[in-house]
Amino acid sequence: MFDELRELYQEVILDHGKSPRNFREIDHAKYHAHGNNPMCGDQLEVFVETDDSGNITDASFLGKGCAISVASASLMTEMLRGKNIDEARRMFDGFHEMCTTGAENALTGVGQEDADRLQVLSGVSEFPMRVKCATLAWHTMNAATK
């Protein structure tokens with residue numbers, strides 16, 4: 001069972017890494033930031049657009065990076081739509097904790113569907129150098145929305 005789950009996670013990471021969703025610039029985005037990981041050279045720009053109520057209507061990214069970095073950015077941009085900025089920050093906190101500690105219950109403040117999708121990156125906690133890859137887009141989004 002564990003091997004099947006790990007294989008499924010790898011497939012999701014490879015799919016998002018090779019065919020990232022929302023890989024584009026949002027012209028005149030309300031929130032925008034650059035992020036980079038000097039350890040491996042990953043570089044991302046994150047764009048977030050909100051409506052007048054502060055709900056995220058669109059999120060995207062541009063840049064280059066490893067499969068984990070790109071997959072994480074792709075998944076993040078899909079999940080941010082419909083959330084407000086506070087919810088996005090709670091997602092960041094839970095995701096960061098999961099990646100750094102391996103605690104699967106770190107995502108309790110996130111909806112179950114989103115938590116299930118983010119679990120594909122839970123294995124990075126076993127590889128400290130990869131944590132920065134997985135969290136780069138999230139740190140960039142968090143910085144952009146402050």
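Every number in this text was worked out from the coordinates using simple rules, so none of it is lab data. For clarity, every value in this text was computed on a predicted model and none was experimentally measured. As a convention, Cβ positions derive from the backbone with ideal geometry for all residues, glycine included, and neighbour counts pool all protein chains shown.
A few points about this structure:
- GNM top mover of 35, 54, 123 - the chain, alpha-carbon springs below 10 Å: 54
- Ranked list, fewest to most other Cβ atoms within 10 Å of each Cβ, for 89, 6: 6, 89
- Footprinting exposure proxy for 14, 80 (fewest neighbouring C-beta atoms within 10 Å first): 14, 80
- Prolate/oblate/rounded label for the stretch 65-146 (Cα gyration tensor, a/c 1.5): oblate
- Charged side chains reduced to their Cβ positions (Lys and Arg at +1, Asp and Glu at -1) give the stretch 2-144 a dipole of some 420 debye around its Cα centre.
- Relative contact order of the chain, defined on C-alpha pairs under 8 angstrom at six or more residues apart (%): 27 percent
- For the residues 46, 131, 12, a GNM of the chain with alpha-carbon springs under 10 Å puts the largest fluctuation on 12.
- Taking every DSSP bridge with both residues inside the chain, close to 95 percent are antiparallel.
- Taking the helices alone, the chain has a mean residue ellipticity at 222 nm of -16000 deg cm²/dmol, built from -39,500 (n - 2.57) per DSSP H run of at least 4 residues and averaged over all its residues.
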